[in-house]
Every structure is written in structure tokens, then in C-alpha cells.
Amino acid sequence: MADARTMQCLLAVSLLFLVAHAHAQLSTTFYSRSCPSLETTVWEVMKQAVVKEQRVGASLLRLFFHDCFVQGCDGSILLDAAGGEKSAGPNANSLRGFDVIDTIKARMEAKCPGVVSCADILALAARDGTVLVRPCQRSPTLPVCFATLVNLMFLRPYQLRGPTWKVPLGRRDSTTASQSLANANLPSSGSSLSTLISTFASKGLSATDMTALSGAHTIGLARCSTFRDHVYNDANINSSFAARRRKTCQRSGGDSHLAPMDVHSSRVFDNSYYQNLMARRGLLHSDQELFNGGSQDALVRQYSANPALFRKDFVTAMIKMGNINPLTGTAGQIRKNCRVVNR
Ligand code: HEM
Ligand SMILES: *[C@@H]1O[C@H](CO)[C@@H](O)[C@H](O)[C@H]1NC(C)=O
């Protein structure tokens, strides 16, 4: 009798464990019953946002990276409270796209109140941000986007868009954010290769993941203050490229003047970032560190020659990054407003 009880008890405990464990895994079908319109809504809002301002796809991709590296992918970056992550060194006057998250969140609260986390909305918006990258924005004077037409005629469509993937979901939102962790855990544009590798290793990401994820710098813009040192003081830079960047980034002043992360095609998600590195046209010191006689040179050469390999490794690494310490099960909460913790 006692043995049967013990067995029942053990069975119940292991079942509980299985259930709890199942909850700890993210799943691509997490909202398929509770909020089936989620992915189409994110896609529609992102499409409108990118048409309005092409750069916002890049900005949301970066926002997700900065969320995941601080406390895990828990939406902590979105909290407005003083002492939060938004005002940390790598984030202040730099992160963008919060309003797009607010728009998506408002639509989701109208459709499926209290169901979809801000952390998951950010993960989906980052994915759609890379897919939606386009070579041009429709001009107010022309009826069509001329560059897009030209590209559609002469390039194959897959070259126009970033890679896509199914996003594992089921993250919940944090009730805290940490400015000190944001300052400590995010890499900076002055980082050396060994610092970049160890910063990513501390989040469970390999050097290969780091080099593939850095390919995100094929889109978007950077401020003069983040690349000034590199274009004035570093030796491993093409001199005509450095001269070009110095024109709009003086030795002092104009800190917020912008330059494309990818000098060749900052509006297309391609592998030209790696080709730039081989030509010593990396914009940031940290970018050029990936091709400066060190351990990542060989991989940079591979990605620059093989766009399909880059896209494959980028997707693998994005999914890995999206798995950094998610809150699941009953941990955390589903915020009603991504900027504030529920009362
Ligand atoms: C490897 C270490 C990295 C460093 C040191 C770094 C640093 C930077 C810096 C300094 C900027 C310019 C910010 C500004 O001027 O305000 C930037 C922009 C950007 N970063 Fe990174 N980054 C890194 C990795 C990543 C990763 C892993 C991703 C995404 C997967 C990413 C995505 C982006 C994007 C898309 C932009 C352009 C954003 C925009 O135009 O709004 N970066 N990064
Ligand atoms: C820098 O790039 C230019 C082309 O923009 C090229 O003509 C020149 O040889 C390069 N300089 C060096 C030192 O590689």
C-alpha cells in the first residue's frame, strides 16, 4: 500500500515537473489559440512603420538585442521608470522604435487583452524589421518606389529582403529593469575582439554567433560619437573611407551626425558588411575588430563570399539570442502597457 502511494506520489511529482519544464520552453505556436491574429498584426504595423520611416526596421532589431543582453529577453528595455535601462550609456539618445511597440501593444490589448507579452512583441517586431528592409522609401512626389522597381527587375527578390524565421514565443515581461546591468553587459563600439567574444560568451553565445549577429550592421545608421575614434585614430581603416566619414563627423561637435553602418548598402540586408570589413571599411572600431588578423578573419571571409551561409548562421544566432533567460510559466507578468509595470 505504502509503496503504491509512493509510486503515485512520484508519478504526480514527475508529471508536475514535466508540465513545469514544458512551460520553460518557448514555442512557435504559443499564441496560436489564445491570440491567433498576433503575427499578422505585428507584420501590418511594422509594414506601415517601415513605409513611414525605412530605418525603423533596423532600430527594432537593435532594440531586441539590447533587451536580450540585459536580464534576458524580458521586455525590461521597454520600461520608462527612472533608473531603468533606457538611460544607460549604450542606450540613451540611441535606441529608437519604442512608439512602434506601443502601437502593436495597443492593438493586441484590444484583440486579446492580457495575453501577449511585450517581450514577445519585441521578438516578432525584430524579425519583421529584418524581413521588411527595403532598398528605398516611396517618395511623396513619385507614385512608385523607383529603386524598388529597378531592384525587382534586376535582382532576385530574396536579395531584397532579410532572412525570415519562425520566432519561438512564450516569454513574459519583467517587473524590473537594470541600468547597471545595461552598462555592464552591452558591448561598446570601442570593444576589442576578445571583449566582444567574452561579452557574448557570458550570454551563452559563441564567437560564430557573435560574428553572424554583427552582420545586423548591414542595415541602419550610427552617430558620429560612436565611430569618431575609429575614423580619426585607428590605422586599420581604408584612408579614403576614413576621409569620407570625417567630412560629416568632425573632431569635436556634431556628435549626433549620422552615417550608414554599411557604406555599400545600408538599406539592404545583405552580406556586404563582411565585404566592407575585408576592404577595411568597417564603421565602428568593434566592427573592424572582426577582421584584423584575429580568430574571426576566416569566418568574415566565408560570410563575404557566401550570403546563404551568413543568412543561415544569422537566423540560428537570432533564435539563440532570443532564448536568453526568458521568463516563462508564471514568472513575471503580461504588462498592459509596455512602458510600466502593472499595478
Ligand atoms: C557585437 C557588438 C555590437 C556593438 C559593439 C554594437 C554597437 C552599435 C553601435 C555603437 C551602434 C550605433 C548606435 C548609435 O549611434 O546610436 C549600433 C547600431 C546598430 N546595431 Fe549594433 N552593436 C553590436 C551588435 C549588434 C547586434 C548583435 C545587433 C542585432 C542582432 C545589432 C544591431 C544594430 C542595428 C540594426 C543598428 C542600427 C540601428 C538604427 O539604425 O537605429 N548590433 N550598434
Ligand atoms: C581605399 O579604397 C579605395 C577605393 O575606394 C582604393 O582605391 C584604395 O586603394 C584603398 N586604399 C587602401 C590603402 O587600401
Checklist entry - Out of (1) hydrophobic (A, V, I, L, M, F, W, C); (2) crowded, with 19+ Cβ neighbours inside 10 Å; (3) in contact (Cβ under 8 Å) with a residue 40 or more places away in the chain, the odd one out for VAL315 is which? => result (2)
Next on the checklist: Taking the criterion of being in a loop (DSSP other than H, G, I, E, B), open to solvent by 70 Å² or more (accessible area, probe 1.4 Å), under 22 Å from GLN54 (Cβ atoms) and of a type in the set (S, T, N, Q), would at least one residue in segment 286-303 satisfy it?
Outcome noted: no
Checklist entry - If we scan segment 197-214, do we find a residue that is assigned to a helix (DSSP H, G or I) and touching a His at 6+ places or on another chain (Cβ under 7 Å)? => result no
Next on the checklist: Restricting to segment 237-272, and then to whatever is open to solvent by 40 Å² or more (accessible area, probe 1.4 Å) and aliphatic (A, V, I, L, M), can you tell me which residue is farthest from ligand 1 (Cβ to nearest atom)?
Outcome noted: ALA243
Next on the checklist: Residues that are under 25 Å from CYS224 (Cβ atoms), out of contact with any helix residue (DSSP H, G or I) (no Cβ under 6 Å at 6 or more places or on another chain) and either acidic (Asp, Glu) or open to solvent by 70 Å² or more (accessible area, probe 1.4 Å) (or both): does segment 60-76 have at least one?
Outcome noted: yes
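May I ask you to verify whether ALA331 is open to solvent by less than 50 Å² (accessible area, probe 1.4 Å) and within 16 Å of ligand 2 (Cβ to nearest atom)? Walk me through how you get there before you give the answer.
Values: open to solvent by less than 50 Å² (accessible area, probe 1.4 Å): yes; within 16 Å of ligand 2 (Cβ to nearest atom): no.
No, not satisfied.
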Checklist outcome for this item: Per the filter on segment 191-225, residues near ligand 1 (Cβ under 8 Å from one of its atoms), among the polar types (S, T, N, Q) and open to solvent by less than 40 Å² (accessible area, probe 1.4 Å) are SER191, THR199, SER214
Checklist entry - Under 9 Å by Cβ, and 6 or more places apart or on different chains, what pairs join a residue from segment 279-291 that is among the hydrophobic types (A, V, I, L, M, F, W, C) with one that is open to solvent by 30 Å² or more (accessible area, probe 1.4 Å) and in a helix (DSSP H, G or I)? => result LEU283/HIS217; LEU283/THR226; LEU284/HIS217; LEU284/THR226; PHE291/MET278; PHE291/ARG301
Checklist entry - Limited to segment 24-59, what total is found for residues that are in contact (Cβ under 8 Å) with a residue 24 or more places away in the chain, assigned to a helix (DSSP H, G or I) and open to solvent by 50 Å² or more (accessible area, probe 1.4 Å)? => result 4
Next on the checklist: Can you list residue pairs whose Cβ atoms sit under 9 Å apart, with the first residue in segment 328-343 being without any contact (Cβ under 8 Å) to a residue 24 or more places away in the chain and the second being of a type in the set (Phe, Trp, Tyr) and in a loop (DSSP other than H, G, I, E, B)? Count only pairs 6 or more apart in sequence or on different chains.
Outcome noted: none
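The values are calculated or read from the model by the stated rules, or taken from the named source; none is laboratory data. Treat the numbers as computed from the prediction; the structure is a model and nothing was measured. Cβ atoms come from the backbone with ideal geometry, glycine included; neighbour counts cover every protein chain shown. With ligands, DNA and RNA removed, areas are computed over all heavy atoms of the protein, side chains included. Shrake-Rupley method; radii C 1.70, N 1.55, O 1.52, S 1.80 Å.
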